[in-house]
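*Asks:* The structure's right below; bear with me while I get my questions together.
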Amino acid sequence: MKLTLPPRVSPQGFDAALNAFASVVGKGWVLSSDADRDAYADIYAPGSTERWPASAAVAPASVEEIRAIVRLANEHKVPLWPVARGKNLGYGTSAPRMAGSVVLDLGRMNRILELDPKLAYAVVEPGVGFFDLHDEIARQKAPLWMSVPGNGWGSVLGNALEHGIGYTPYGLHARNLCGIEAVLPDGDLLRTGMGAMKDNPAWHLFPMNYGPTWDLAFSQSNLGVVTKAGVWLQPAPETSLELTWDIPEEGDIAWVVDTITPLKIAGLIDQNVFIPSWLGKIVLLGTRKDFWDKPSAMPEWRVQELLKEHKLGYWRVSIRLYGEESVNKAKAEVIKAAFKRHLDAPPFESWWRQGDEKHPMDITLGTPSAVPLQMSDWVGGRGAHMGFSPVVPATSEHVIGQLKRSRKIIAEHDVDFYASFTIGGRFANNVNMLMYDRDNAGQIDNIKKLFNALIDETAKAGYGEYRTHLGWMDRVMDTFDFNDHALRRFDEKIKDALDPNGIIAPGKQGVWPAAYRAQKKEGAE
């Protein structure tokens, strides 16, 4: 990838900045060759990776090195784009929102600093991946479980800070963060919560502090660089029971949601309940050409044939219970009775008990897996995906409305329909997975138009995305329009006060510092 300099930085100034960074981390950890820049490109980019090019990367190994780099970045007016492990697939991976930014790669900071089996938490650096923490828990034989997202090869902190979701009782990952250490845009060092008091042992135990609580201000944020955080973990249960139903019809999602939501709010169901449509299972059985070899979207008659052939429902609901066996059995009877009011078929029941092996693909047991990445192979070629992910109230009215809306728009663009709903209690997170071949220009153009239509029409109905790809960050922020975009104006005031040079992640989540606000339209879709 050719060199794209940061705005307002000359070649001589850029070289001076890289040399200054090398004086902190060593020349080997300043990565500025064409191959290095390629390594930080968005491998799932809907279009050219040169829409969001990094100028270089620098990889510190300590908090003090980060502080020094941030100070030097201010001195040389070189913007930084922090990444934990850069595995944010479908959202931009390691690529920066503003062209020419230097990626601040935190992957070398990969220590598990603390693992407390009694109070069920860990303290980790940003480079710690889900597999790393899983293996350390196993090595120490700690009676703890993690919550993991669908794709488990990313960073524990990175996923939580990007509002990632898992499928256990601890599935709202940002909510599991307790006590953050962050380097601020001027190089100062902050500890949130009880950590604001030196050596306070309750730092990672109490989720608030004296005065305003700032932990979540660093999530989906460009207010600082998180260097470590506490992460709450789930105590390993005595048993776990999974109840699985295949739900026959598309419209059945209405009663499914209205059945699960009150049970979830009441605490009878602890986990976030993931409800994928049929394509979520078919992608694990082969690629698209194995089931439909035409370029058009798979028609409904073919879908029905596949459901019969593979004995699948249109949706699959798996509800997992955790705890003592007698309690799980009692909860299961209540849940089965609720489902039986709408569906005569009994669920498939599967028990896990302490001492049993965990299935390596079962993320509801806290086991990280990379198998869901297989979905990118669905369309063939150099497969990739993006997710359109609005949040709606967890009622049949809202879920059916959003389902019909997104289905209609996706059908109008002749794309296979792959949706899921995750019931987190009072909300439902609706992910529409859009898959494409990165080498097919027609598919890329169509996916972009489709994504824009989904954002616009969903916003007109009153719903917003909770997370999106780099190229659409501004467009999604535009949809949060209450009181003349008061949220964005508030974010920008704080950003400008803390980061007058606009050094940390300009443009992230549509928040631009004054120094770079003129760059907003560049790289936007």
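A short reminder: the numbers here are calculations on the coordinates, not readings from a lab. Treat the numbers as computed from the prediction; the structure is a model and nothing was measured. So basically every Cβ, Gly included, is an ideal-geometry build from the backbone, and we count neighbours across all protein chains shown.
*Asks:* Whole-Hz ³J(HN,Hα) for each residue in region 311-323, computed from phi via Karplus 6.51 cos²θ - 1.76 cosθ + 1.60 with θ = phi - 60°, x for glycine and proline: what do you get?
*Replies:* 6, 10, x, 5, 10, 10, 10, 10, 10, 10, 10, 9, x
*Asks:* Among Tyr91, Tyr40, Tyr167, which comes first, second and so on when ranked by fewest other beta-carbon atoms within 10 Å?
*Replies:* Ordered by Cβ neighbours within 10 Å, fewest first: Tyr91, Tyr167, Tyr40.
*Asks:* Now, a different point. How many angstrom lie between the C-alpha centres of region 167-205 and region 31-94?
*Replies:* Cα centres, region 167-205 to region 31-94: 24 Å.
*Asks:* Taking loop as defined by DSSP and a crowding limit of 10 other beta carbons within 10 Å, which chymotrypsin sites (Phe, Trp or Tyr not before Pro) in region 176-259 fit?
*Replies:* Qualifying residues, ordered by number: Tyr210.
*Asks:* Same structure again: If the reach is capped at under 21 angstrom between alpha carbons, list the lysines near Lys308, excluding any in the same chain fewer than eight residues apart.
*Replies:* Filter leaves Lys281, Lys289, Lys294.
*Asks:* Got the relative contact order for region 473-519 handy, in percent, Cα pairs under 8 Å and 6 or more residues apart?
*Replies:* Once divided by the residue count of region 473-519, the mean separation gives 41 percent.
*Asks:* If you add up the charges near Leu450, with Lys and Arg at +1 and Asp and Glu at -1, over every other residue whose beta carbon is less than 10 angstrom from its beta carbon, what do you get?
*Replies:* Once positives and negatives cancel, what remains is -1.
*Asks:* When ranked by the protection proxy of mean other Cβ atoms within 10 Å per residue, highest first, what sequence do the peptides 117-127, 143-153 form?
*Replies:* Sorting 117-127, 143-153 by mean packing, highest first, produces 143-153, 117-127.
*Asks:* Per-residue ellipticity at 222 nm for the chain, helices alone: DSSP H runs ≥ 4 residues times -39500 (n - 2.57), over residue total, nearest 500 deg cm²/dmol?
*Replies:* After summing the helix terms and dividing by the residues of the chain, the value is -9000 deg cm²/dmol.
*Asks:* Could you compute the net charge surrounding Glu162? Neighbours are other residues with a C-beta less than 13 Å from the C-beta of Glu162; K and R count +1, D and E count -1.
*Replies:* +3
*Asks:* Also, I was wondering about something else. Quick one: helix 63-76 against the long Cα principal axis of the chain, what's the angle to the nearest 10°, folded into 0 to 90?
*Replies:* Computed tilt is about 60 degrees.
*Asks:* Using the beta-carbon distance between Arg8 and Arg382 and R0 = 35 Å, what value does 1/(1 + (r/R0)^6) give for FRET efficiency, to the nearest 0.05?
*Replies:* For R0 = 35 Å, the calculated efficiency reads 0.50.
*Asks:* Which one is right for this structure if mean projected area of the Cα convex hull in nm² is calculated from it: (i) 24.0; (ii) 31.8; (iii) 28.1?
*Replies:* Here the calculated entry is (i).
*Asks:* Here's something else I'd like to know. Just to confirm the number: angle between the C-alpha axis of helix 253-265 and the first principal axis of the chain, 0 to 90 degrees, nearest 10?
*Replies:* The answer is roughly 70 degrees.
*Asks:* Let me ask another. Can you sort Leu285, Leu223 from fewest to most other Cβ atoms within 10 Å of each residue's own Cβ?
*Replies:* So the ranking, lowest neighbour count to highest, is Leu285, Leu223.
*Asks:* For Val30, Val226, Val371, Val9, what's the fewest-to-most ordering of other Cβ within 10 Å of each Cβ?
*Replies:* Fewest-to-most ranking of Val30, Val226, Val371, Val9: Val371, Val9, Val30, Val226.
*Asks:* Using only the alpha-carbon atoms, how far is helix 441-460 inclined from the longest principal axis of the chain? Give it as 0 to 90 degrees, nearest 10.
*Replies:* 80
*Asks:* Amide H neighbours of Ile247 under 5 Å, at least 5 residues apart or on other chains, H built in the peptide plane: list them.
*Replies:* Gly313, Tyr314, Trp315, Arg316, Val317
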